[in-house]
1. Only one residue in 109, 122, 117 is at pLDDT 80 or above, outside the structural domain of residue 187 (by TED's automatic domain parsing) and under 23 Å from the mean Cα position of the chain (by Cα). Which one?
2. For residue 257, all conditions in the list (1) on the phi > 0 side of the Ramachandran plot; (2) at pLDDT 90 or above hold save one; what is the number of the exception?
3. Using the structure shown, decide if residue 201 is farther than 19 Å from residue 270 by Cα, outside any helix (DSSP H, G or I) and not basic (Lys, Arg).
4. Go through (1) surrounded by fewer than 21 Cβ atoms within 10 Å (Cβ to Cβ); (2) assigned to a helix (DSSP H, G or I) one by one and return the number of the condition residue 239 breaks.
5. Within region 137-146, does at least one residue satisfy the condition of being over 17 Å from residue 208 (Cα atoms) and hydrophobic (A, V, I, L, M, F, W, C)?
6. Would region 222-236 turn up any residue that is surrounded by fewer than 24 Cβ atoms within 10 Å (Cβ to Cβ) and outside any helix (DSSP H, G or I)?
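The values are calculated or read from the model by the stated rules, or taken from the named source; none is laboratory data. Quantities reported herein were computed from a predicted structural model and do not represent experimental measurements. When we count neighbours, we look across all protein chains shown, and the Cβ atoms used for this are built from the backbone with ideal geometry, even at glycine.
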Amino acid sequence: MTLRIPNKNWNVAAPTATDVDWRDAAGGWSYTSAAASAESGSWVGPSHPPRQLQQQSGDGRGSSGGGGGGRDRGGDDNEGGGDRRDRRDRDEPDDKGSGKAGKERDQEKRQRDQEEKQRDQKERDQKKKGKDKGGKGRGRKQRIEASLGAGDARGAAVELVDAARSGEQQESVDALLQALGGGNANAVAAASVSAAQIDSGATAAALAVAAAAAPQRNLLQPWANAQANAFAQAATQGSALNPFATAVGQAIQQGGQSAAQSYGYAFAAAAASGGNSESGLAEATAVAFCQGGGLAVAYSQAFSFAIKLDRRRAEAEATSQVLSTCGLLG
């Protein structure tokens with residue numbers, strides 16, 4: 001007879017060339033063979049071994065071995081033992097076939113996992129290189145830089161807002177500051193105003209990061225000049241003033257003291273420039289003070305820095321404009 005034992009269900013305890021001992025501690029039985037080939041042996045334990053151990057006999061005889069009497073203990077063929085073995089053979093899949101199918105499934109799973117890892121890595125590489133889903137081969141930062149360089153304020157503003165909405169405002173901020181470093185303050189001003197008209201909240205998120213980062217990159221004065229110019233452009237466009245004033249106030253709130261200081265320099269630059277920059281700052285301040293709340297506090301914080309830089313102009317112009325706009329002057 002031959003005993004087929006699935007490896008995954010069995011443990012070989014201290015095998016030697018002359019002794020093989022399969023044990024199942026949970027089942028309380030074992031099969032011991034005097035030869036490593038394990039073609040014959042004796043059962044110790046329940047009357048029938050577990051189903052995982054299938055008995056096959058080429059000549060139809062029962063198992064041999066000590067105490068077996070040519071049969072399994074309790075395995076009388078006259079009681080249907082042969083039929084039970086036939087049913088087990090039919091019900092249980094062939095171990096070799098199952099093993100082959102299992103290997104194929106495992107191989108397919110490994111292949112799918114590998115393909116998924118490759119796709120993920122490709123996406124990470126594309127993002128790192130600045131490639132977008134549209135296949136343009138350029139990232140958001142590069143597109144903003146290109147729009148600013150071409151004088152396309154609207155195109156730069158759309159990208160800036162989209163970046164802020166998706167939590168990627170750092171890319172747009174890098175582009176804005178790089179443009180400032182290149183002396184393109186007018187383009188940054190125009191993009192800031194245009195973006196505020198699209199979405200003042202998203203614009204505020206980007207301006208907050210940019211205002212806080214400008215001093216760290218030695219771009220405080222270029223930033224101040226650009227924002228002073230933005231006040232002028234917002235004032236001349238009319239409808240842009242309220243959203244831009246709101247965006248600036250929210251940016252100061254979100255950016256903390258660093259942003260307040262940067263905008264303090266911008267307020268001072270606007271007041272010192274006179275003309276549309278000065279009047280635009282005064283009108284924006286009036287919008288913030290008339291609304292009150294956080295916006296008024298934010299503008300006050302920025303003015304506390306601006307007054308130290310240019311007390312006479314910043315304080316006088318802002319105060320008079322705020323009072324008259326809010327109806328507090330006759």
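1. 117
2. The number of the failed condition is (1).
3. For residue 201, the condition - farther than 19 Å from residue 270 by Cα, outside any helix (DSSP H, G or I) and not basic (Lys, Arg) - is not met.
4. (2)
5. Let us first name the residues in region 137-146 that are over 17 Å from residue 208 (Cα atoms), namely 137-146.
Next, only the ones that are hydrophobic (A, V, I, L, M, F, W, C) stay: 144, 146.
Yes: region 137-146 contains one or more residues that are over 17 Å from residue 208 (Cα atoms) and hydrophobic (A, V, I, L, M, F, W, C).
6. no
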